[in-house]
Amino acid sequence: MLNGYKLIAVCLTKIQDEVTYEFIDALYQTVKGSDYRLLLFNSFSDLYHQNVYDEGAKSIYQLLNYDLVDAVIIKADTINDHQVIRDLIARAKERQIPVILLNMKAEGCYSIVPSYENVFSQLIEHVIKVHHKRKLYFLSGSMGESNSMLREKIFRETLRDCGIDPQTAKVAYGEYWYGPAERAVENWIQSGDLPEAIICANDAMAVAACKVLKRHQIRVPEDMIVTGFDGVPSYQFHRPALSTCTRTSSVLAGKC
């Protein structure tokens, strides 16, 4: 507590990303007018590479004064160095400070993990049942990462439920970003074994897939369907329009 206000430390990375910024704005609107105040600890790197630059970037979390804060919110899906998350939780626990963990579960924390299984499955079903596509490939995020594994699991289960052998579907890892996603789609094209639809684990990879397909004069959606996920606002202006799913930041902020 400071000057009569209860302080909530919010630990995250890449606040400049639209979805993350929307969440922080919604969280601010939630506490506005109350006796709570937010302290943001943000790294402009998502700590994925864990190199010397990331080592410097994550030092921002060392500035968190646990003697002043009353709660810690960790937006775990933005922090790719899980040791950082574990250290933040451990230090808060030592002082008996409650931790709200977003998009991850950990013992002793209040975990908020949005359930998107049904809507993601419905998106895939739409491609199969409405557009009658049977040969689907999946562009996943990072190998071994929890959301990537979950979305891949949903993808395979939905194919099976729709009478398609999931073993016929290829899976590549686009690391949730343009470069790796472009290379993955390029590899599929060079193999000569193309799908009828590419299901992507996020919007950025869907945009990257569309870029590569256009370069090879493969039309979307006429020749191949591409879907995204997350509903990033700026991608609403992408042409061709993306089929995607979105989550409401105000609802997530309200749960905190």
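The values are calculated or read from the model by the stated rules, or taken from the named source; none is laboratory data. Not measured: the values here are computed from a predicted model. Virtual Cβ from ideal backbone geometry, glycine too; neighbours counted across all protein chains shown. We work out accessible area using only protein heavy atoms, side chains counted, and drop any ligands, DNA or RNA first. Shrake-Rupley method; radii C 1.70, N 1.55, O 1.52, S 1.80 Å.
Summary table
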| quantity | calculated |
| --- | --- |
| Scan of the stretch 46-58 for residues that are open to solvent by 30 Å² or more (accessible area, probe 1.4 Å) and not in a helix (DSSP H, G or I), ordered by number | D46, Y48, H49, Q50, N51 |
| Residue count for the stretch 108-146, restricted to those that are aliphatic (A, V, I, L, M) and either assigned to a strand (DSSP E or B) or in contact (Cβ under 8 Å) with a residue 60 or more places away in the chain (or both) | 7 |
| Pairs with Cβ under 8 Å, 6+ apart, first in the stretch 55-70 and under 15 Å from N42 (Cβ atoms) and modelled with pLDDT of 95 or more, second surrounded by 14 or more Cβ atoms within 10 Å (Cβ to Cβ) and among the basic types (K, R) | L64/R91 |
| Filter result for L194 (open to solvent by 10 Å² or more (accessible area, probe 1.4 Å) and under 21 Å from the mean Cα position of the chain (by Cα)) | no |
| Residue count, the stretch 202-245 (criterion: open to solvent by 60 Å² or more (accessible area, probe 1.4 Å) and either of a type in the set (S, T, N, Q) or part of a loop (DSSP other than H, G, I, E, B) (or both)) | 9 |
| Scope the stretch 15-28; condition touching a Ser or Thr at 6+ places or on another chain (Cβ under 7 Å) and farther than 14 Å from L102 by Cβ; matching residues | E18 |
| Members of the stretch 59-88 found to be open to solvent by 50 Å² or more (accessible area, probe 1.4 Å) and either of a type in the set (F, W, Y) or touching a helix residue (DSSP H, G or I) at 6+ places or on another chain (Cβ under 7 Å) (or both), listed by number | D77 |
